[in-house]
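K.L.:
Handing you this structure, nothing more for now.
The values are calculated or read from the model by the stated rules, or taken from the named source; none is laboratory data. Note that this is a predicted model, so its numbers are computed, not measured. All Cβ positions, glycine included, derive from the backbone under ideal geometry; neighbour counts span all protein chains shown.
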């Protein structure tokens, strides 16, 4: 085996919200920190640093992950979606609209993670039962709402996305 | 658009004032903020609960010239946090009185080098014997605070308790305990501080009370008022945990900023926030109750003890509220409450949603069910026979001048929960089921606003102004942290003036911009500050009528045109109002007698619980909460407050245990401090009865804390119903339920031998 | 974040062969990291001592599920999300699929791997009790070749296992001859979701005319590592199942179990609940038998 020179700052490239991004960072830097510090995407939050609260949730290659537990090297070549890619002020995603209308956000700190978990849930299961909604969001802790209006928001989002699908809208799941 | 009797905006579900930023990930919380050339701050903390500091060592493996190092010696002003007393130091000086007490502060531009440096500071102590519980403090050996370890005491007396025992048909005693509870806001504490010679110190932070921080910094930094500026950043949850602690954190960051000459950010991670910041006061409450043959209360002798931690902070006011809520919503001719807050060598306790009431109400509502069982009366009936009604007096001899509708709330709660039918069904099903079900209730009030003359002392000032750009701004120091402050105060302003909700915005919570309208605590915002904004709005319109030619029925354009005419006269358009105490509020702070609170919110809650006899774990199947909080200003926000408070109350009862090891929180991680998840919180049904309050903002009374008062006793009463055993201590984890059942079994076996 | 990312080196050889060569060339120097759900927690707490890490994430050679007639082969890189959604696992190794649903949250399940779960070796490991009562085998691989051992021989002590310094856990093989057995698995956690196990009990049993023909019992958190309850099994094997045998088995279990007090629970609670769960399983067996 040839002599290996350690590389503590490799170039790592991945797609974030549809855009190719490249960083030079230690492989063990957390994806969460790369998003927030290197890419200045501060929508994704840190609440616990140990994968318990879900406020760092993002979608990676179509799966929900806690970005505080992903070493950025393992995100090489991945497609990552964060809350910043979900919608815009003029074009809110139906999930965002639903949370707005149903009181799904109070202090808002869990909201980005909650929205990504909802997006993941509805991508995999467009018509979840309340039991499935509870399970889909069980990894996202909210201290303000008692979850009730978050469940209502998810149910409302289902309705909106169904309606959008019928009219062939952009957010049809 | 004009002034109108009917509410157009208040009472409707307008969109939250902060708009869509939270949903887009654009809301900027403290740790999202980066400043050029920013340094980071960290804290070296005590590892023992009590002792003398013999030496502070700085390991030579670190190049300390790169760091800014701050100790108590660097404090330009007073080494104390200005709260009620001034016994809490900003930093330990020669002695530590609790684990995690700040001893050395460090700042450096590199977070990782900072981490290494914290580990490279070694403290040598001469340990002293600590007091680590109420009982240890009561022994008064060692004395760890003042002359007798007593942070505060109260004595409340009504009638003559001692005369009642002889004639009582029943006497029932009980002891009830509550543990510490952590706020677990999902955003940890954090501040950024910046010093400049021109402006002085500016602090941005996740906080509830900018003027508390302001006042503290004046003393610590020895600066004049105009050289200290405090700005609240978007705050990710608070629940009381950011009421006083930010004063300490801000002082630390400010000291580092001043000494280093750099902007300094201090944002705690979860492990540090859990271990080092405030929590709910643990309590022990003892009841001795005399009743007549019909179960009517003759006398209540109550002893309240709280654990205040190492410094007094808010222990006196928490104790006050506990004292005043300990007799429950009942009529009783003879009441004595003896209460004490005890100093221990643990992290000082602080404010947490309910502020002494959850502790006191847990005890009295559990005790009512124990009384019911002891004397053979249904717990619902027992409460009915003793409920307060209009015109009756409380333990402080306050006459209930506003309507008291406890019976109505109880009726509704029983109906909505199908209480009697469900209990019948469980009585049939439980014997053959491994999972036993039951229902429990709790009835309670929560005094809105500060106790007695507290509001007079606060002397709050709030206002409304109009900018040249045509925006009506609410000027308050009250903070949004999810509960909806921004929204409801904007609603009230729009309503009272007679303009659109969208024309109103909140001025930034910046002590350079807004007046001191008091802290965002004690469920006072909608009632007290809302009333100030309501008056300010009416006052503004009045002035515009008088001096700027505004007609009685005006359009939006006419309103703003009149404002500009006023601006030409006065140079500004602003309307301020100062707090005015309602008529007839008399409170004797010495005797603890009179109008304890200007208004009360009322509630009855029902919990259906399921106890799994294989695993000893209790869960809440379903929950109902009926409440009267005056006018509901915003149905979605109000509902959210009740549901969130109930969820925290469920955590308080069954999940959230602080594990102590030698005075330190051993389970300071979210993996091990357990709050209920989306799969644990049951369906919560809420119902409002509305009776507008004469002196609350647009008729509102306080709402935020009320819902946290009832779940714990309702749940433990439900457990008693389900398995016939009363548990008197929370949090009640399966291990605790098992241990008590096991102990009872062993006792029974021993007795049978 | 108390860990210093710059103080660690993480490499990704990109192939199983590359990883094995690395481990062979410098045995004990490189720590494999799969989904990172354990290692990254230690890293964030500033407690990650391992400075050199080799990534197993994304290696297709490790992420496979192959069901044959008599066994399911599960690659060590299979996540719990993969496990719970695989129909072959659900039908052939139902308890394993069940255990996958209550590990962490959806976000944890998409990253936590079965290999990581076993190699981490926590006595509370969620997949272990099911694997033990299915007589699972683990396949270990190195440049020197492959070998299989019974999973029940894999753990040798608290967080110690039978792997050589140059070996990697390659796959778990689960025999699917338990379809006729009665199966039981229950986990007791601190709450319904995202709960580290306080204890868990798994069981498979075959009854013949009221007698216990086959019985396998395994538990989490009753020993320094997940283990079979051989003494308790012995108290049941070959015996007529009735309330007396059940009681004796519960006593045997409480005697065999050696749980500890820790930050999450107490030894007394764990023992008692384990006995209760055993009772629940055996009573279910009894009533199923009686209804036949």
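K.L.:
Filtering the range C:15-47 down to residues that are over 18 Å from residue C:142 (Cβ atoms) and more than 8 Å from every other protein chain (Cβ to nearest Cβ), which residue is surrounded by the fewest Cβ atoms within 10 Å (Cβ to Cβ)?
P.N.:
Residue satisfying both the conditions and the ranking: C:47.
K.L.:
Among the listed residues A:113, A:91, A:103, A:108, identify the single one that is more than 8 Å from chain B (Cβ to nearest Cβ) and under 25 Å from residue B:188 (Cβ atoms). Talk me through it step by step, then tell me what you get.
P.N.:
Numbers: A:91 fails: under 25 Å from residue B:188 (Cβ atoms); A:103 fails: more than 8 Å from chain B (Cβ to nearest Cβ); A:108 fails: more than 8 Å from chain B (Cβ to nearest Cβ).
It is A:113.
K.L.:
Also: Test residue C:101 against the stated conditions and say whether it is closer than 23 Å to residue C:36 by Cβ, surrounded by fewer than 18 Cβ atoms within 10 Å (Cβ to Cβ) and not assigned by TED's automatic domain parsing to the domain that holds residue C:285.
P.N.:
Numbers: closer than 23 Å to residue C:36 by Cβ: yes; surrounded by fewer than 18 Cβ atoms within 10 Å (Cβ to Cβ): yes; not assigned by TED's automatic domain parsing to the domain that holds residue C:285: yes.
Yes, satisfied.
K.L.:
With the requirement that a residue be at pLDDT below 95 and not in a loop (DSSP other than H, G, I, E, B), what does the range B:595-607 give you?
P.N.:
B:599
K.L.:
In addition: Provide a single number: the residues in the range A:18-47 that are within 16 Å of the chain's Cα centre (by Cα) and within 11 Å of chain B (Cβ to nearest Cβ).
P.N.:
11
K.L.:
Would you point out which residue out of B:113, B:152 is in a helix (DSSP H, G or I) and touching a residue at least 12 places away in the same chain (Cβ under 8 Å)?
P.N.:
Numbers: B:152 fails: in a helix (DSSP H, G or I).
Every option except B:113 fails the conditions.
K.L.:
So, one more: For residue B:559, state whether it is more than 30 Å from residue B:397 (Cβ to Cβ) and either surrounded by 13 or more Cβ atoms within 10 Å (Cβ to Cβ) or within 24 Å of the chain's Cα centre (by Cα) (or both).
P.N.:
Working: more than 30 Å from residue B:397 (Cβ to Cβ): yes; either surrounded by 13 or more Cβ atoms within 10 Å (Cβ to Cβ) or within 24 Å of the chain's Cα centre (by Cα) (or both): yes.
Yes, satisfied.
K.L.:
Among the residues of the range B:14-25, which ones are at pLDDT 95 or above and more than 7 Å from chain A (Cβ to nearest Cβ)?
P.N.:
Once the filter is applied, which keeps residues that are at pLDDT 95 or above and more than 7 Å from chain A (Cβ to nearest Cβ), the range B:14-25 yields B:14, B:16, B:17, B:21.
K.L.:
Kindly provide the set of residues from the range C:3-14 that are surrounded by fewer than 19 Cβ atoms within 10 Å (Cβ to Cβ) and either in contact (Cβ under 8 Å) with a residue 60 or more places away in the chain or more than 7 Å from chain A (Cβ to nearest Cβ) (or both), ordered by number.
P.N.:
Within the range C:3-14, C:7, C:13, C:14 meet the criteria.
K.L.:
Another question about this same structure. Please state which of the following conditions residue B:618 fails to meet, knowing it meets all the rest: (1) within 14 Å of chain A (Cβ to nearest Cβ); (2) surrounded by 23 or more Cβ atoms within 10 Å (Cβ to Cβ).
P.N.:
Evaluating residue B:618 over (1) within 14 Å of chain A (Cβ to nearest Cβ); (2) surrounded by 23 or more Cβ atoms within 10 Å (Cβ to Cβ) leaves (1) as the failure.
K.L.:
Moving on. In this structure, does residue C:160 turn out to be more than 16 Å from the chain's Cα centre (by Cα) and surrounded by fewer than 18 Cβ atoms within 10 Å (Cβ to Cβ)? If you could, list the steps in order and put the result at the bottom.
P.N.:
On the way: more than 16 Å from the chain's Cα centre (by Cα): no; surrounded by fewer than 18 Cβ atoms within 10 Å (Cβ to Cβ): yes.
When the stated conditions are applied, residue C:160 does not pass them.
Listed here are the residues, each with its yes/no results for (1) surrounded by fewer than 23 Cβ atoms within 10 Å (Cβ to Cβ); (2) assigned by TED's automatic domain parsing to the domain that holds residue C:154; (3) in contact with a helix residue (DSSP H, G or I) (Cβ under 7 Å, 6 or more places away or on another chain).
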{"position": "C:215", "(1), (2), (3)": "no, no, yes"}
{"position": "C:222", "(1), (2), (3)": "no, no, yes"}
{"position": "C:225", "(1), (2), (3)": "yes, no, no"}
{"position": "C:230", "(1), (2), (3)": "yes, no, no"}
{"position": "C:234", "(1), (2), (3)": "yes, no, no"}
{"position": "C:253", "(1), (2), (3)": "no, no, yes"}
{"position": "C:266", "(1), (2), (3)": "yes, no, yes"}
{"position": "C:278", "(1), (2), (3)": "no, no, yes"}
{"position": "C:282", "(1), (2), (3)": "no, no, yes"}
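K.L.:
Touching a residue at least 40 places away in the same chain (Cβ under 8 Å) and within 14 Å of chain C (Cβ to nearest Cβ): does that describe residue A:85?
P.N.:
Working: touching a residue at least 40 places away in the same chain (Cβ under 8 Å): yes; within 14 Å of chain C (Cβ to nearest Cβ): no.
Answer is no for this residue.
K.L.:
Here's another thing I want to ask about it. What number goes with the only condition from (1) within 30 Å of residue C:106 (Cβ to Cβ); (2) touching a strand residue (DSSP E or B) at 6+ places or on another chain (Cβ under 7 Å); (3) surrounded by fewer than 21 Cβ atoms within 10 Å (Cβ to Cβ) that residue C:195 does not pass?
P.N.:
Every condition holds for residue C:195 apart from (3).
K.L.:
Does the range B:338-353 contain any residue that is surrounded by 24 or more Cβ atoms within 10 Å (Cβ to Cβ) and closer than 22 Å to residue B:399 by Cα?
P.N.:
There is no residue in the range B:338-353 that is surrounded by 24 or more Cβ atoms within 10 Å (Cβ to Cβ) and closer than 22 Å to residue B:399 by Cα.
K.L.:
So residue B:212 passes all but one of these: (1) touching a helix residue (DSSP H, G or I) at 6+ places or on another chain (Cβ under 9 Å); (2) farther than 16 Å from residue B:521 by Cα; (3) away from every other protein chain (no Cβ under 14 Å). Which condition number does it fail?
P.N.:
The failed condition is (2).
K.L.:
Looking for something within 30 Å of residue B:556 (Cα to Cα) and within 14 Å of chain A (Cβ to nearest Cβ) - is there at least one such residue anywhere in the range B:89-112? Lay out the reasoning, then the answer.
P.N.:
Filtering the range B:89-112 down to residues within 30 Å of residue B:556 (Cα to Cα) leaves none.
Taking every residue of the range B:89-112 in turn, none turns out to be within 30 Å of residue B:556 (Cα to Cα) and within 14 Å of chain A (Cβ to nearest Cβ).
K.L.:
Please count how many residues of the range B:595-639 are more than 24 Å from the chain's Cα centre (by Cα) and farther than 17 Å from residue B:650 by Cβ.
P.N.:
Here is the first cut: in the range B:595-639, the residues more than 24 Å from the chain's Cα centre (by Cα) are B:608-619, B:621-622.
If we keep only those that are farther than 17 Å from residue B:650 by Cβ too, we end up with B:613-616.
The total comes to 4.
K.L.:
Same structure again: I'm trying to understand the selection: among the residues of the range B:26-42, which are within 8 Å of chain A (Cβ to nearest Cβ), within 30 Å of residue B:501 (Cα to Cα), in contact with a strand residue (DSSP E or B) (Cβ under 9 Å, 6 or more places away or on another chain) and crowded, with 16+ Cβ neighbours inside 10 Å?
P.N.:
B:27, B:29, B:32
K.L.:
While we're on this one: Among the listed residues C:288, C:200, C:223, identify the single one that is more than 26 Å from residue B:659 (Cα to Cα) and either part of a helix (DSSP H, G or I) or at pLDDT 95 or above (or both). If you could, list the steps in order and put the result at the bottom.
P.N.:
Details: C:200 fails: more than 26 Å from residue B:659 (Cα to Cα); C:223 fails: more than 26 Å from residue B:659 (Cα to Cα).
Only one candidate passes the filter, namely C:288.
K.L.:
Examine the range A:59-79 for a residue that is more than 14 Å from the chain's Cα centre (by Cα), at pLDDT 95 or above, facing chain B (nearest Cβ under 9 Å) and surrounded by 22 or more Cβ atoms within 10 Å (Cβ to Cβ), and state whether such a residue exists.
P.N.:
No: the range A:59-79 contains no residue that is more than 14 Å from the chain's Cα centre (by Cα), at pLDDT 95 or above, facing chain B (nearest Cβ under 9 Å) and surrounded by 22 or more Cβ atoms within 10 Å (Cβ to Cβ).
K.L.:
Out of the strands (runs of 3 or more DSSP E) lying entirely within the range C:115-188, which hold 3 or more residues that are out of contact with any helix residue (DSSP H, G or I) (no Cβ under 7 Å at 6 or more places or on another chain) and without any contact (Cβ under 8 Å) to a residue 40 or more places away in the chain?
P.N.:
Working: elements: C:137-142, C:145-150, C:155-157, C:168-175.
Because the criterion is at least 3 residues that are out of contact with any helix residue (DSSP H, G or I) (no Cβ under 7 Å at 6 or more places or on another chain) and without any contact (Cβ under 8 Å) to a residue 40 or more places away in the chain, the strands (runs of 3 or more DSSP E) in the range C:115-188 that meet it are C:145-150.
K.L.:
Which members of the range B:669-692 meet the condition of being away from chain A (no Cβ under 11 Å) and under 22 Å from the mean Cα position of the chain (by Cα)?
P.N.:
Within the range B:669-692, the subset away from chain A (no Cβ under 11 Å) is B:687-692.
Passing the criteria: only B:688.
K.L.:
What is the one condition in (1) surrounded by fewer than 20 Cβ atoms within 10 Å (Cβ to Cβ); (2) under 25 Å from residue B:9 (Cα atoms); (3) at pLDDT below 95; (4) under 37 Å from the mean Cα position of the chain (by Cα) that residue B:501 does not satisfy?
P.N.:
(3) is the only condition that residue B:501 fails.
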